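**Q** Handing you a structure now.
The values are calculated or read from the model by the stated rules, or taken from the named source; none is laboratory data. Because the structure is a prediction, the values reported are computed rather than measured. Note that we place each Cβ from the backbone using ideal geometry, even for glycine, and neighbour counts take in every protein chain shown. Heavy atoms of the whole protein, side chains included, go into the accessibility calculation; ligands, DNA and RNA do not. Shrake-Rupley method; radii C 1.70, N 1.55, O 1.52, S 1.80 Å.
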Amino acid sequence: MTAFAWGAATDTGRVRPSNEDAYLALPGLFAVADGMGGHRGGSVASALALETLRGRLVDGDGPCTTDRLVLAVQEANEVIVDRAAQDPELLGMGTTLTAIALVQLHDQAALGVVNVGDSRLYLLKDGELEQITEDHSLVATLERQGRLTREEAAVHPQRNILTRALGIDARVMVDSWEILPFVGDRYLLCSDGLYNEVDDRRIEATLRKLADPAEAAHELVRLANEAGGRDNITCVVVDVVAEGDGPRPAAPADPPADPPADPSTELVAEPGRGTARFRNQLTWRAAVFGLAFAAIIAVASGAILWAGTRTFYVGLDGDRVAIYRGQPGGVLWIEPTLAETTDLHRDQLPESVVIDLEAGKVESSLDDARAYVDNLRNQLLPGTPRSRGTTPTTAGPSTTSAPSTTDVPPDPPA
Ligand code: MN
């Protein structure tokens, strides 16, 4: 029996008129949702997501599995989409959802993880903090493509633009996987109001310093407010403890935020601050540096050739999903070349995948690109079994696998 101790805190922050974040902290089920959408929308969306999750998992029959967790998230998506369709005031509302739940995995206890959007799950293991979830945001996509550094992404004016959220589309891709819990592991679920204000090193130091999970959660919220508190902030800290110690909350948890009725303007992206950051200027004095420059050019050409041809990406060739050799958009003079086309069509894909493919989903090898396409096909086409990579972690902080992606069956309810 795996046991947990936990603590949580949520706060409106210092700028927003209301708190549209919400969380769940129940024995064996922890979640954070960051709602968005004008007027009441954001807080309704985050509350609906957590209500649905709780209803399907806590009140459901039989052992919890990651499949059930994914289905609950997809159902939460439908609930939000349906509600928005009924109430014009709620049109356009959406929410992120990041959750972990105790699940059964081949006769042993594991943690099922699901994620949609840019709330995060971190793991503090042996004193080192690791981000487990992958953000579904524009800047995270650009970062994965090597077009922004992590530091640039952290301050980018468009960092609040999401590529995936619940409530946007009838279908949603849900990242999901399993992790084996070990005594001493500490998990942090948080909304972007934390990590946009407090950098990972500070989060790590705080999680190491404060043994009490409730104290750690409150301290993280305090630090985010101290740094500006420009968004709602939510932190749930979950410790895996020895069997006899739990399950228990370390201290009375705050109640999840109730949907407040205040109007809000969350979804609006901050105005851009210029886009010159992508350009690097090379200046040199020909007479002095001629020779060195020639050498640099030779090395750089090799590097560009290497970067331009060694990777593959999955993109669109007209309406067909296709695999290209090279980098999306090319690297200098090296244009990507079509490696393979597939039988998948654009109109079979949910909008979020089309967005990913239009940008180019970079993979490190042809095999990886094919695996990505296979995974898409398995999820989208009827009659094929769902394949979701299950890669439990073993000891060590660097063994957490990349998330796999699961989609709803191809026929959403009308
Ligand atoms: Mn937020």
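**Q** Could you list, in sequence order, all residues of segment 17-46 that are within 16 Å of the ligand (Cβ to nearest atom) and surrounded by fewer than 21 Cβ atoms within 10 Å (Cβ to Cβ)?
**A** Pro17, Ser18, Gly38
**Q** Only one of these is within 16 Å of the ligand (Cβ to nearest atom) and not charged (D, E, K, R): Gly112, Gly55, Gly62, Gly117. Name it.
**A** Values: Gly112 fails: within 16 Å of the ligand (Cβ to nearest atom); Gly55 fails: within 16 Å of the ligand (Cβ to nearest atom); Gly62 fails: within 16 Å of the ligand (Cβ to nearest atom).
Every option except Gly117 fails the conditions.
**Q** What about Glu75, is it part of a strand (DSSP E or B) and either among the aliphatic types (A, V, I, L, M) or touching a residue at least 12 places away in the same chain (Cβ under 8 Å) (or both)?
**A** Values: part of a strand (DSSP E or B): no; either among the aliphatic types (A, V, I, L, M) or touching a residue at least 12 places away in the same chain (Cβ under 8 Å) (or both): yes.
Here the answer is no, as Glu75 does not meet what is asked.
**Q** Residue check, Leu124 against (1) within 16 Å of the ligand (Cβ to nearest atom); (2) closer than 19 Å to Ile203 by Cβ; (3) not β-branched (Val, Ile, Thr), all met but one. Which one?
**A** (1)
**Q** List pairs: first residue in segment 78-89 and within 17 Å of Val116 (Cβ to Cβ), second residue of a type in the set (Val, Ile, Thr) and open to solvent by 40 Å² or more (accessible area, probe 1.4 Å) anywhere in the structure, Cβ distance under 9 angstrom, at least six positions apart or on different chains.
**A** Matching pairs, first to second residue: Ile80/Ile168; Val81/Ile168.
**Q** I'd like the residue in segment 127-155 that is of a type outside the set (Asp, Glu) and within 15 Å of the ligand (Cβ to nearest atom) and, out of all such residues, is farthest from the chain's Cα centre (by Cα). Walk me through it before giving the result.
**A** Step one: of segment 127-155, the residues of a type outside the set (Asp, Glu) are 127, 129, 131-133, 136-142, 144-150, 153-155.
Next cut, within 15 Å of the ligand (Cβ to nearest atom) only: 133, 136-140, 154.
On the way: Thr133: 5, His136: 5, Ser137: 8, Leu138: 11, Val139: 12, Ala140: 9, Ala154: 14 Å.
Filtering first and then ranking leaves Ala154.
**Q** Gly13 fails exactly one of the following numbered conditions: (1) more than 16 Å from the ligand (Cβ to nearest atom); (2) farther than 25 Å from Val240 by Cβ. What is the number of that condition?
**A** (1)
**Q** I need the full set of residues from segment 106-124 which are open to solvent by 10 Å² or more (accessible area, probe 1.4 Å) and closer than 20 Å to Asp175 by Cβ, in order please.
**A** Going residue by residue through segment 106-124, those that are open to solvent by 10 Å² or more (accessible area, probe 1.4 Å) are 106-109, 120, 124.
Result: Arg120, single match.
**Q** Inside segment 91-109, can you point out the residues that are away from the ligand (no atom under 14 Å from the Cβ) and among the β-branched types (Val, Ile, Thr)?
**A** Within segment 91-109, Ile100, Val103 qualify.
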